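A short worksheet on the structure shown next.
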Amino acid sequence: MHSLYLFNIASQHNNWLSTRQTLLASNIANANTPGYKSVDLQPFEKALESAKLQMAATEVGHLKTDPTSAMTDTTAGRSASWEIYHSGNNVSLEQELMKTGEVSRAYTLNTNIMKSFHRMLAMTAKGG
Amino acid sequence: MYDPLQLSLKVAASGLEAQGHRVRVVSENLANHDSTGNTPGAVPYTRKTISFKTALDHAAQANLVHVDQIGHDNSPYPLEFNPSHPAADAKGYVKRPNVNMLVELADMREANRSYEANLQVIKQARELISLTIDLLRSN
């Protein structure tokens, strides 16, 4: 069932978006903190590529890898900011609010796709 | 592990609180704009300053914001010649509070703007949460 992969990817994307929303919230909350540098996640495509399957730890010495860690890697980089203040803070409120708008738009799109896909599945199950 | 969306509500709330403290400090400064002493040569009201710091919430891995410290502005007090004032010194000068109304009003504007931005984040996070819940709604 390849098509059902859509639910997985949509929920992964939503997960990424909510983590991004948290980071944007902390950027905005710290908009007046001296020395604070704004943070952002790496793009979803990249996060998806670097998310690997987890190998089973069958020996004591085996290292555990967390496949979700790439999704929530907050050190993924200082975002390129529009402005920098004398206090060393580089949060631009306009930019951050624009990004939250992006998050909101993508989230709405995802949930609506999931909803309509679910309706299609339910319709198929009911058999018209 | 926190839900990231609820966490962003928490972060934005910490921002609201910090900006609220800032408005409080500004209003104290504005209210005491004319508070001189009442004994000769007395020190008037000293302007208060506020600074913020990032606080990492270790359990949740998020950057909250807290009030760092409320300090005092140690710039000199402006002098006003008014010999009849109870706080006038031997030469007739009164020390006035070192509060600059324009600076305070500009600070209030900035606090206002940051407060609004945090409110916007809360609004948006709530919207995202309800979008997720709406997936359960039969249509």
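Readers should treat all values here as calculations from the given coordinates under stated rules, not as data from a laboratory. These figures come from a predicted structure and were not determined experimentally. With ideal geometry, Cβ positions are generated from the backbone for all residues, glycine too; neighbour counts draw on all protein chains shown.
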(request) Count charges around B:Lys10 for me, please; just the other residues with Cβ under 14 Å from its Cβ, Lys/Arg as +1, Asp/Glu as -1. (result) -2
(request) Of the options B:Pro83, B:Thr46, A:Leu23, report the single residue whose Cα projects farthest towards the positive end of the charge dipole of the protein assembly as shown (beta-carbon charges: Lys, Arg +1; Asp, Glu -1). (result) A:Leu23
(request) Only helical DSSP H runs with n ≥ 4 go in: add -39500 (n - 2.57) per run for chain B, normalise by residue count and round the 222 nm mean residue ellipticity to 500 deg cm²/dmol. (result) -16000 deg cm²/dmol
(message) Over chain B, with a Gaussian network built from C-alpha contacts below 10 Å, which listed residue (B:Ser14, B:Ser114, B:Ser84) shows the highest mean-square fluctuation?
(response) B:Ser84
(request) For chain B, set up a Gaussian network in which alpha carbons nearer than 10 Å are linked by springs, and say which option among B:Lys48, B:Lys123, B:Lys91 fluctuates the most. (result) B:Lys91
(request) Please report, in debye to the nearest 20, how large the charge dipole of the protein assembly as shown is about its Cα centre when each Lys and Arg carries +1 at its beta carbon and each Asp and Glu carries -1 there. (result) 500
(message) If packing is taken as the average count of other Cβ atoms within 10 Å, what order do B:127-138, A:21-32 fall into, highest mean first?
(response) A:21-32, B:127-138
(message) To test your reading of the geometry: what angle, between 0 and 90 degrees and rounded to tens, separates the Cα axis of helix B:101-134 from the longest principal axis of chain B?
(response) 10
(request) Treat every Asp and Glu Cβ in chain B as -1 and every Lys and Arg Cβ as +1, leave all other atoms uncharged, and give the resulting dipole magnitude about the Cα centre to the nearest 20 debye. (result) 60
(request) Mind ranking A:91-100, B:65-74 by how tightly packed they are, going by the mean number of other C-beta atoms within 10 angstrom, highest first? (result) A:91-100, B:65-74
(message) Positive end of the dipole of the protein assembly as shown, charges at C-beta (+1 Lys, Arg; -1 Asp, Glu), about the Cα centre: which of B:Val121, B:Leu56, A:Ile9 has its Cα farthest in that direction?
(response) A:Ile9
(message) Quick check: from the Cα gyration tensor, does chain B come out rounded (a/c under 1.5), prolate or oblate?
(response) prolate
(request) Can you spot the lysines whose alpha carbon is less than 18 Å from A:Lys115's alpha carbon? Ignore those fewer than 8 places along the same chain. (result) A:Lys126
(request) Ignore the peptide's own chain and count Cβ atoms of other chains within 10 Å of each Cβ in A:31-41; give me the average, rounded. (result) 4
